[in-house]
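Take a look at the structure below.
The values are calculated or read from the model by the stated rules, or taken from the named source; none is laboratory data. The structure displayed is predicted, hence computed values, not measured ones. Don't worry about glycine lacking a Cβ; one is built from the backbone with ideal geometry, like all the others, and counts go over all protein chains shown.
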Amino acid sequence: MTDEANNNGPDATAGDTAASDAEQNSADVATEALVDQLEALKAENAELRDRFLRLAAEMDNLRRRTERELKDAKTYAVTGFARDMLSVSDNLRRALEALPDEARGAADAGLSALIEGVEMTERGMLSTLERHGVRKIDAEGQKFDPNFHQAMFEIPNSEVPNNTVVQVVQAGYAIGDRVLRPAMVGVAKGGPKTEANGDATDGNKT
């Protein structure tokens with residue numbers, strides 16, 4: 001009995017060790033599988049986060065673009081109408097300027113009322129345009145700027161810098177930050193030259 005027990009002892013121990021190793025290997029495999037799953041979940045989470053951030057950025061850009069387009073549409077929707085109204089205002093101004101001062105002074109009550117009515121109509125029209133973002137371009141005395149002015153002729157004048165606007169033939173207007181129509185101007189010629197690197201838009205008020 002003793003010898004048989006002694007012979008079975010090492011085999012039993014070896015069997016236990018093998019079983020323990022198998023269990024350990026199985027546990028290692030399960031652990032590796034869990035680690036792989038965890039890494040896969042981390043990668044998927046990172047990808048989803050990246051997609052979310054990109055989508056959020058795209059939505060923010062879309063919101064900003066939409067807001068800008070709506071603002072532009074609101075600001076410039078009356079551009080064509082405003083340009084047409086300026087033509088009407090020009091005609092009213094021409095009618096007033098065509099009337100000599102002597103005729104104004106000698107006008108009877110009816111003609112004076114008519115003149116005053118035309119002037120009030122012109123002022124009201126320009127005031128209404130201004131409320132809708134239309135602004136007159138301040139040109140006289142400013143440096144000529146082709147973005148805001150249209151030169152019609154040159155006037156010899158040595159007392160002001162060359163290319164200074166010295167006469168406005170027709171007022172210019174802008175809407176928002178865009179020129180509705182440039183001012184038609186006469187520019188000085190023969191005076192001291194202006195700096196070539198000067199800001200072309202200095203002094204232009206829109």
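Determine, yes or no, whether Arg83 is basic (Lys, Arg), over 30 Å from Lys136 (Cβ atoms) and at pLDDT 85 or above.
Working: basic (Lys, Arg): yes; over 30 Å from Lys136 (Cβ atoms): no; at pLDDT 85 or above: yes.
The answer is no for Arg83.
Collect the residues in the range 55-88 that are of a type in the set (Ser, Thr, Tyr) and within 30 Å of Val118 (Cα to Cα), keeping them in residue-number order.
Thr75, Tyr76, Thr79, Ser87
Looking for something exposed (fewer than 13 other Cβ atoms within 10 Å of the Cβ) and touching a residue at least 12 places away in the same chain (Cβ under 8 Å) - is there at least one such residue anywhere in the range 130-143?
Yes, some residue in the range 130-143 is exposed (fewer than 13 other Cβ atoms within 10 Å of the Cβ) and touching a residue at least 12 places away in the same chain (Cβ under 8 Å).
Is it the case that Arg93 is modelled with pLDDT under 90 and surrounded by 14 or more Cβ atoms within 10 Å (Cβ to Cβ)?
Spelling it out, Arg93 is indeed modelled with pLDDT under 90 and surrounded by 14 or more Cβ atoms within 10 Å (Cβ to Cβ).
Taking the range 105-158 as the region of interest, how many residues are under 24 Å from Ala174 (Cβ atoms), in the same structural domain as Met85 (by TED's automatic domain parsing) and polar (S, T, N, Q)?
Residues flagged as under 24 Å from Ala174 (Cβ atoms), in the same structural domain as Met85 (by TED's automatic domain parsing) and polar (S, T, N, Q) within the range 105-158 amount to 3.
Residues are listed down the side, and each one gets a yes or a no for (1) over 26 Å from Val179 (Cα atoms); (2) touching a Ser or Thr at 6+ places or on another chain (Cβ under 8 Å):
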| residue | (1), (2) |
| --- | --- |
| Arg93 | no, no |
| Ile115 | yes, no |
| Thr121 | no, no |
| Met125 | no, yes |
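Cβ-Cβ below 6 Å, separation at least six or inter-chain, first residue in the range 58-82 and touching a residue at least 12 places away in the same chain (Cβ under 8 Å), second in a helix (DSSP H, G or I): which pairs?
Every condition considered, the pairs that remain are Ala82/Leu129.
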